Structure formats: C-alpha cells, structure tokens
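Peer 1: Have a look at this one before I ask anything.
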Amino acid sequence: MNQTAEELLKLSRAEKNARKRMRLLAIAQFLECKNRTQVANQLKISRTSVNNWVSSYLEAGLDGLEARKAKGRIPYLSAQQQKQLGEFIESHSQ
C-alpha cells in the first residue's frame, strides 16, 4: 500500500485488464488528494465504485483491487449426476 500515484499510473499503463486499469487510475487520482466524488466524475463512474475500490485498497493494498470470481448459479445436478451425464454424452457422441 506504499505506492505513489505515479507508480499506480505506470501500473495502469501496463495493465491489460481494462477493469483493473480503471481501478488503478481511480486509486492514483485519489492519492493525488482528489476526493472520491471528483475521481468518480472525472472517470465517469459511480461514486459507490470509487468508494469500494478505495476501501479495498486501503485495507488490502493492490491485492484488494483484484477482481473477485463470480459465484454463479448453484447447479441443478449433483456432482455424481454431472459425472453420469458427462459419461453418457461421451459414450453416445461417437
């Protein structure tokens, strides 16, 4: 969490993931003594997103800006049923 705004800007330029790049830019601007509303207005994103990103950054540093894996929907089939279905498809697809 000891990065400067300039270091975060360099990281954002090298980042391939557009969403993470936006997070890095937001944090860099925040560290340049801009308030969260100004950052949101300048980047044309919601202030809630900026608040969440800044809080995550302050708690966990750069790791806090990583995207979390979406949970997704709970499968209808159990693990055993999924295995049986996979075997059925394999045996009947040839």
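Coordinate-derived values only; no laboratory data. It should be emphasised that the depicted structure is a prediction, and the values quoted were computed from it without experimental measurement. Positions of Cβ are backbone-derived with ideal geometry, glycine not excepted, and every protein chain shown enters the neighbour counts.
Peer 1: Using a cut-off of 15 Å between beta-carbons, work out the net charge of the residues near Lys10 (Lys and Arg +1, Asp and Glu -1, Lys10 not included).
Peer 2: My count for the surroundings of Lys10 gives +1.
Peer 1: Which value in nm describes the separation of the simple spin-label points at Cys33 and Asn51, placed 7 Å from the Cα toward the beta carbon?
Peer 2: With each label placed 7 Å out from Cα toward Cβ, I get 2.5 nm.
Peer 1: With +1 assigned to the C-beta of every Lys and Arg and -1 to the C-beta of every Asp and Glu, and no other charges, what is the dipole magnitude of the chain about the Cα centre in debye, to the nearest 20?
Peer 2: Using only the charged Cβ atoms, the result is roughly 380 debye.
Peer 1: When Cα Rg over 2.2 N^0.38 Å is calculated directly from the model, which label among (i) 1.67; (ii) 0.97; (iii) 2.25 fits?
Peer 2: Working out Cα Rg over 2.2 N^0.38 Å from the coordinates points to (i).
Peer 1: Related question: Around Gln82, under 15 Å between beta carbons, what's the net of Lys plus Arg minus Asp minus Glu among the other residues?
Peer 2: 0
Peer 1: Shifting gears a bit: Quick one: longest stretch of the chain between exposed loop trypsin sites (Lys or Arg not before Pro), exposed meaning at most 11 other C-beta atoms within 10 Å and loop per DSSP?
Peer 2: Here the longest segment lacking exposed loop sites spans 17-43.
Peer 1: Net charge near Gly61: determine it from the other residues with C-beta under 15 Å of the C-beta of Gly61, scoring Lys and Arg +1 and Asp and Glu -1.
Peer 2: -2
Peer 1: Could you tell me which chymotrypsin sites (Phe, Trp or Tyr not before Pro) in region 36-94 are loop residues by DSSP with no more than 13 other beta carbons within 10 angstrom of their beta carbon?
Peer 2: Here the sparse-neighbourhood loop sites are Tyr76.
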